[in-house]
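The structure under discussion appears below in the form of structure tokens.
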Amino acid sequence: MSAITAQQVRAAAKGRVNESNLASVLVPLHRYWERFGMDRPHRLAQYFAQFMHESGDYRYDR
């Protein structure tokens, strides 16, 4: 499985995505992709579902 792209995340979000918040998640995710098991589709789906919910589709970072 290849790394997820910003375009894929934007397509999954319900509204407008804050690009700075999105980058702050994608950069480390790509760096540690395999180390944390994100190369497995079920883990990636769970991670993004939870993160998108808690951040309001990347609108909030606090």
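The values are calculated or read from the model by the stated rules, or taken from the named source; none is laboratory data. Values in this document were obtained by computation on a predicted structure and should not be read as measured data. Cβ: placed from backbone, ideal geometry, glycine included. Neighbour counts: every protein chain shown. Side chains are part of the model used for accessible areas, which takes the heavy atoms of the whole protein and leaves out ligands, DNA and RNA. Shrake-Rupley method; radii C 1.70, N 1.55, O 1.52, S 1.80 Å.
If you go through the stretch 5-24 one residue at a time, do you hit one that is open to solvent by 70 Å² or more (accessible area, probe 1.4 Å), farther than 20 Å from Asp61 by Cα and either without any contact (Cβ under 8 Å) to a residue 24 or more places away in the chain or not in a helix (DSSP H, G or I) (or both)?
Start the filter on the stretch 5-24 by keeping residues that are open to solvent by 70 Å² or more (accessible area, probe 1.4 Å), which leaves 7-8, 10-11, 14, 16, 19-20, 24.
Imposing the further condition that a residue be farther than 20 Å from Asp61 by Cα reduces the set to none.
So far as the stretch 5-24 goes, no, none of its residues is open to solvent by 70 Å² or more (accessible area, probe 1.4 Å), farther than 20 Å from Asp61 by Cα and either without any contact (Cβ under 8 Å) to a residue 24 or more places away in the chain or not in a helix (DSSP H, G or I) (or both).
For the stretch 25-47, name all the residues that are part of a loop (DSSP other than H, G, I, E, B) and open to solvent by 60 Å² or more (accessible area, probe 1.4 Å). Steps first, answer last, please.
The initial filter retains those residues of the stretch 25-47 that are part of a loop (DSSP other than H, G, I, E, B), namely 32-40.
Once the filter is applied, which keeps residues that are part of a loop (DSSP other than H, G, I, E, B) and open to solvent by 60 Å² or more (accessible area, probe 1.4 Å), the stretch 25-47 yields Tyr32, Glu34, Arg35, Phe36, Arg40.
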